[in-house]
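None of the figures in this text is laboratory data; all of them are computed from the coordinates on show. A quick note: this is a predicted structure, and the numbers were derived from the prediction, not measured. Virtual Cβ from ideal backbone geometry, glycine too; neighbours counted across all protein chains shown.
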Amino acid sequence: MRSSRMSFEHLVDQNKKQLLNDEKELEKIEKKMDEKHSQKTKEKSLIN
């Protein structure tokens, strides 16, 4: 079980490195984060 977990961690690390080197993907991630943040902000303003 431990070896598969290490393998998973390795895959996550590789994926992270690839994403950090890909400007287009970083922009997509940032855009999604901004959209989620603005949506939550709108929801909070509707509640108050």
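Before moving on, here are some points about what is shown:
- Taking the helices alone, the chain has a mean residue ellipticity at 222 nm of -32000 deg cm²/dmol, built from -39,500 (n - 2.57) per DSSP H run of at least 4 residues and averaged over all its residues.
- Net charge of Cβ neighbours under 13 Å - reference LEU11; Lys, Arg +1; Asp, Glu -1: +1
- Lysine pair count for the chain (Cα-Cα distance under 17 Å; residues 8 or more apart in sequence or on different chains): 11.
- Using θ = phi - 60° in the Karplus curve 6.51 cos²θ - 1.76 cosθ + 1.60, the 3J(HN,Hα) couplings for the stretch 28-33 round to 4, 5, 4, 4, 4, 5 Hz; x is entered for Gly and Pro.
- For the chain, the alpha carbon convex hull comes to 84 Å³ per residue, rounded to a whole number.
- Exposure proxy order (Cβ contacts within 10 Å, fewest to most) of LEU46, LEU11: LEU46, LEU11
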